[in-house]
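In what follows, a structure is listed as structure tokens, so that the remarks can point back to it.
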Amino acid sequence: MDNFWPWYIAGPLIGLFVPLLYMADTYVPGAISSAALVTFIGFAGLTATVFVTRQDFSFLGGILRWGGVLAIVAIVCGVIFNWNMGMWFSVAMVGFAGAAILYDTSNVLHHYPEDRFGIICLSCLDAVVRVAPVYLSRQRLNRAPET
């Protein structure tokens, strides 16, 4: 039964992300390729930072939990009070996602057992998936209105 673990990962990803990627490509052609490039460059740079410096970024855990609650409160308040959170919120969420990548990659390097590659794969995938939607939403908002 251990040979089927990739399907537990691939099934939900395909079912969830393929329709979202189709919608994104329909509304903003070219946004997916540019988001993928920016996400790859950012993830590669942050991962290289962890592997080169060998620093343990586990201190970011509390900051990320606090920042996540703050982000949820900001989103709820934005919906209730009709705030336009715009660019500052997107920049904050990219910073939050970058800190999460540092934290997750550091945990993989320092705290995860080497024989648990399934959980390591999911952790890294989760970190990457956090960055792309923020960039895609900025692409949608920056698109010129069609006339």
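The numbers here are math on the coordinates, done by the rules we state, and not lab data. Nothing here was measured: the structure is a model prediction, and the numbers come from that model. Every residue, glycine among them, receives a Cβ derived from its backbone with ideal geometry; neighbour counts consider all protein chains shown.
Taking 0.36 nm per residue of sequence separation and removing the Cα-Cα distance, the residue 22/residue 51 pair yields an extension gain of 7.0 nm. Ranked for footprinting exposure by Cβ neighbours inside 10 Å, fewest first, 32, 14, 101, 80 give 80, 14, 32, 101. Calculated FRET efficiency, residue 88 and residue 65, Cβ-Cβ r, R0 22 Å, to nearest 0.05? Taking R0 as 22 Å, the efficiency between residue 88 and residue 65 is 0.55.
Applying 0.36 nm per residue to the separation of residue 109 and residue 80 and subtracting their alpha-carbon distance, the gain on full extension is 6.4 nm.
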